Amino acid sequence: MRPDTSAPVRLEDYRAPAYRISTVHLDIRLAPRSAKVRARLALERASDTAPGTPLVLDGDDLRLTALSLDGRVLADGDYTVAPDRLEIVSPPTGPFTLEIETTLDPDANTKLMGLYRSNGTYCTQCEAEGFRRITYFLDRPDCLAVYTTRIEARVGEAPVLLGNGNPVESGPVPGTDRHYAIWHDPHPKPAYLFAMVAGDLACVSDSFRTCEGRDVALNIYVEHGNEGACDWAMDSLKRSMRWDEEVFGRAYDLDVFNIVAVSDFNMGAMENKGLNIFNDKYVLARPETATDQDYAGIETVIAHEYFHNWTGNRITCRDWFQLCLKEGLTVFRDQEFSADMRSRAVKRIADVRLLKSHQFPEDAGPLAHPVRPRLYHEINNFYTATVYEKGAEVVRMLKCLIGDEAFRAGMDLYFRRHDGEATTIEAFLACFQEASGLDLGQFSLWYEQAGTPVLKVDSVYEKEAGRLTLTFRQQLAPSPKQPDKKPMHIPVRVGLMGENDEELAPAAITGADTTGDVLHIRTPVQTVVFSGLTGRPVPSLLRGFSAPVSLKSDLNESDLLFLAAHDKDPFNRWEALQSVVMTALIAATAGAARQEAVTVSPALIAAFAANVADDSLEPAFRALCLQLPGEADIAREIGHDVDPDAVHAARTAFRRAIADDIAPTIRATYEAMRDEAEFSPDARSAGRRALRNTLLDYLGHGSDPAGNLLVQTHFEASDNMTDRFAALSVLTHAALPGRDAALAAYEERYRAVPLAMDKWFMVQATAPTASTLERVRQLTGHPAFSAGNPNRVRALIGAFASGNQSQFNRADGAGFDFVADFARDLDRRNPQAAARMMSAFRSWRALEPGRRAHAEAALRRLAAETDLSVDMRDIVERCLQ
Ligand code: 0A1
Ligand code: ZN
């Protein structure tokens, strides 16, 4: 393991490469324990590089077995080599060819970076710096080259051979049991987009004609037996391709688009040019094994990787600091796609919930970093909610500030101007500044400053004058390495709701520039006056969550409940109710810590009852309104000295009070939402199931034994995974009678389906009971568990650490110790997965002193280890900062 003695990488140190690589010819001869990779690179000195400047290529854990330059074998003094570096001491001044042979052991590669085998299938993962584990290279995103790849393997072992781009030629290797295939990718690309797959895989095919008239062969490769689980992924792919043409004017640019599903993969999926490699979780779906949420996830991830073809591949990043250039923008695009495929309001609420539950805590703790960081020790640790989700919010804000038309013009300009380039955030913003005429200088701080701004709003209404005055105060707390912050340019979408359900239109707005109904808030204190009002307005602020800020308005409970029932903006209807609920839950938590009983105000109960029964609203929306903020959300809002047991007790009692108070309404709607027809994964049917299963959660957590009993019936009657898993979760988390039988029945049914077993692990790991830790420990010995598989590890240990507030944060510190020990072992095998697991500690400073001390001790114990990976050390030390 490499100890972290390396210096950090800094944005300001960026220099263009001293040499350029124009073409790469790879010849890969596969064998499980010894794969030979011959790389022929056409190199040239950059015009501003002094002749004789050494050429330094990156490596990681490599073994060089041959080296020649322009056909001549290099002598010892001509180069120096180490596993992580190859230096050609004095390269020719003109163009030259370097031939490098490395020998790899795919089976020994447990990091799942570079070339490895997953269930017998050879595959690669090169983002961010995995290509250097295959051959010595200028492994940086601004080194764009045209690749030709020859892959050779035993026919019996790997009848399928796939590379980037288009297939050129294939055939047997005469006199052997081997065969080969040659692939050529005409589009210059950085090494992180290189991929190769070889294995015995089944293929599901379809085709697509682009708006430019190109016929594209679409193939999804999966393990034999899974062919029947690809329909949804294929359908999602075709819809993504059409949508990108219609909404962004982007057409596909190769003759084939291949997707391969593998079972051992660190992340969700990877956008390699023409050869996307996926975690099988984001490809395989059958009603019997996948929930509605899984279906939605597949649709999103398939779209995300496909959209990268333009935002990431055709236009890529100059350096890894610009990661959000491709990720934030591509997440924004996949969010818009899903919004168009489903309900826009429901999608927006789901995205904001994810942002608040994953990104806000990151921004509030020791791992906070800007959307575009300025320094890293290990780039793999920056594939974060901040880069992805907040990065997408920044693009969304841009659209909000300049308007839809200028946004589209800016995107068109970006595609025209930078196609084929490796570029920067500055270049991206310049396109929108030119297209809109708006100065984006202050706006660019969203990429630079970490932390979630707090936006306080006070309102004064003067009836006589017909005037509403809103005073905005923005504050941005210090974050690691950023003690002082500048004011941000914040888009605040505002509506004024009149008492009779109508929107009030002011005659004039002063104190802020506007784009439609969006206010431009730019100064620390800004006063905006709406005049010419004919009645008392209730301001609906930050509609659609127009900026990723923490809004603190002076609206009282009755105003918020009015908005929850009447706002024209569905997002704010949801948000208004959440806001009242959150205030109540925080008060209940304080009460629970003092052993007081939890009560829910009659007005709030009435709001819930109205929602459950309101058939004019779509079921998916009602389901979201009924879902209480999670325990981690409540903890985040409390912010300091958190007692997770009190949070859990308060939330549980609160849910029970609602369940008991409106039991008949819940029961009636639960019955009304029964499936109308055969299972279908479409958004409308999924919405009905979401509402029914949310109500089931109330029934299972209420005091009425008849309601409790329904959960067991629901489990037994279920004919799809969504319903079955919903019932299993309630049985397990509410510890209802029938729980053990249901867990056993589920295990029996799914023991041979790893993705379904993940749900079984997860549901037990997230149970809020004192015995959970022991159960998790036991389950690490279950035959379906494997510490080498990232999905299994995430489902059991990851879910316990990140999804079980009360038990991970146990008062005795045993939860912290368990996760730290597990991560410590995992680090020797898969540092990326281990580091990700440790990020569950990111909110440790917000805990009450006893737990805080235990968490700190666990972190310090790890920090004292001498052989941590760079990945782990980076997270542990930043957590302790
Ligand atoms: N670019 C991918 C995410 C990704 C990043 C790193 C990986 O290494 C294991 C894999 C995938 C995406 O945004 O989908
Ligand atoms: Zn991505």
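The values are calculated or read from the model by the stated rules, or taken from the named source; none is laboratory data. Predicted, not measured: the structure shown is a model, and the values here were computed from it. Neighbour counts run over all protein chains shown; Cβ positions are idealised from the backbone, glycine included.
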Completion exercise
Scanning segment 351-368 residue by residue, the ones that are surrounded by fewer than 19 Cβ atoms within 10 Å (Cβ to Cβ) and of a type in the set (D, E, K, R) total 1
Problem - Residue within segment 300-320 that is more than 9 Å from ligand 2 (Cβ to nearest atom), under 14 Å from residue 683 (Cα atoms) and not assigned by TED's automatic domain parsing to the domain that holds residue 20 present - result: yes
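So is residue 687 more than 19 Å from residue 615 (Cα to Cα) and at pLDDT 95 or above or not?
Spelling it out, it is not the case that residue 687 is more than 19 Å from residue 615 (Cα to Cα) and at pLDDT 95 or above.
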Fill in the blank from the handout: By my count, helices (runs of 4 or more DSSP H) wholly in segment 789-875 with at least 3 residues that are surrounded by fewer than 21 Cβ atoms within 10 Å (Cβ to Cβ) and among the acidic types (Asp, Glu) are 814-829
Fill in the blank from the handout: Being part of a helix (DSSP H, G or I) and in contact with a Ser or Thr (Cβ under 8 Å, 6 or more places away or on another chain) narrows 590, 668, 653, 609 down to just 609
Practice task
Check whether at least one residue in segment 387-395 is over 20 Å from residue 492 (Cα atoms), part of a loop (DSSP other than H, G, I, E, B) and either under 25 Å from the mean Cα position of the chain (by Cα) or within 16 Å of ligand 1 (Cβ to nearest atom) (or both), and report yes or no.
Solution key: no
Exercise for the section: Considering every residue within segment 36-51, establish whether at least one is buried (at least 19 other Cβ atoms within 10 Å of the Cβ), touching a His at 6+ places or on another chain (Cβ under 9 Å), in a strand (DSSP E or B) and outside the structural domain of residue 383 (by TED's automatic domain parsing). Expected result: yes
Practice task
Would you kindly identify the helices (runs of 4 or more DSSP H) lying entirely within segment 401-479 that contain at least 3 residues that are in contact (Cβ under 8 Å) with a residue 40 or more places away in the chain?
Solution key: 404-418, 445-448
Fill in the blank from the handout: Only unsatisfied item for residue 676, checking (1) touching a Lys or Arg at 6+ places or on another chain (Cβ under 9 Å); (2) modelled with pLDDT of 95 or more, is (2)
Problem - From 687, 707, residue being in contact with a helix residue (DSSP H, G or I) (Cβ under 9 Å, 6 or more places away or on another chain), without any contact (Cβ under 8 Å) to a residue 60 or more places away in the chain and in a helix (DSSP H, G or I) - result: 707
Problem - 2 or more residues within 16 Å of ligand 1 (Cβ to nearest atom), crowded, with 18+ Cβ neighbours inside 10 Å and outside the structural domain of residue 420 (by TED's automatic domain parsing): qualifying strands (runs of 3 or more DSSP E) within segment 85-197 - result: 114-118, 121-125
Fill in the blank from the handout: When every residue in segment 230-256 that is hydrophobic (A, V, I, L, M, F, W, C) and buried (at least 22 other Cβ atoms within 10 Å of the Cβ) is compared, the one farthest from ligand 1 (Cβ to nearest atom) is 230
Exercise for the section: Tell me which of these residue 363 doesn't satisfy, since it passes every other one: (1) closer than 22 Å to residue 243 by Cβ; (2) more than 13 Å from ligand 2 (Cβ to nearest atom); (3) part of a helix (DSSP H, G or I). Expected result: (1)
Fill in the blank from the handout: The number of residues in segment 52-74 that are assigned to a loop (DSSP other than H, G, I, E, B) and more than 38 Å from the chain's Cα centre (by Cα) is 6
Exercise for the section: Sort out which residues of segment 215-237 are within 29 Å of residue 415 (Cβ to Cβ), out of contact with any Asp or Glu (no Cβ under 7 Å at 6 or more places or on another chain) and in contact (Cβ under 8 Å) with a residue 24 or more places away in the chain, and write them in order of number. Expected result: 215, 219, 220, 233, 237
Exercise for the section: For segment 381-432, enumerate the residues that are under 25 Å from residue 15 (Cα atoms), in contact with a Gly (Cβ under 8 Å, 6 or more places away or on another chain) and within 16 Å of ligand 2 (Cβ to nearest atom). Expected result: 387, 391
Handout entry: Complete set of residues in segment 770-827 that are under 25 Å from residue 111 (Cβ atoms) and among the β-branched types (Val, Ile, Thr)
Key = 776, 780, 793, 797, 819
Handout entry: Selection from segment 1-35 of residues that are assigned to a loop (DSSP other than H, G, I, E, B), closer than 23 Å to residue 99 by Cα and among the basic types (Lys, Arg)
Key = 33
Practice task
Output the residues belonging to segment 310-332 that are assigned to a loop (DSSP other than H, G, I, E, B) and either within 11 Å of ligand 1 (Cβ to nearest atom) or surrounded by fewer than 24 Cβ atoms within 10 Å (Cβ to Cβ) (or both).
Solution key: 312, 313, 314, 318, 319
Practice task
Might you check whether a residue that is of a type outside the set (Lys, Arg), touching a residue at least 60 places away in the same chain (Cβ under 8 Å) and near ligand 1 (Cβ under 9 Å from one of its atoms) occurs anywhere in segment 287-300?
Solution key: no
Handout entry: segment 564-576, residues that are among the aliphatic types (A, V, I, L, M) and crowded, with 23+ Cβ neighbours inside 10 Å
Key = 564, 576
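For the condition in contact with a Leu (Cβ under 6 Å, 6 or more places away or on another chain), within 30 Å of residue 770 (Cβ to Cβ) and of a type outside the set (Ser, Thr, Tyr), what is the one hit in 598, 580, 549, 642?
Exactly one residue qualifies, and that residue is 642.
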Problem - Index of the failed condition, residue 304 passing every other in (1) surrounded by fewer than 24 Cβ atoms within 10 Å (Cβ to Cβ); (2) within 10 Å of ligand 1 (Cβ to nearest atom); (3) over 23 Å from residue 747 (Cα atoms) - result: (1)
Problem - Residue pairs meeting the criteria (Cβ under 6 Å; at least 6 apart or on separate chains; first within 21 Å of residue 186 (Cα to Cα), in segment 260-279; second within 12 Å of ligand 2 (Cβ to nearest atom) and not charged (D, E, K, R)) - result: 271/308; 271/312; 272/193; 273/193; 273/313; 277/270
Handout entry: Test for residue 277: is it in a strand (DSSP E or B) and within 16 Å of ligand 2 (Cβ to nearest atom)
Key = yes
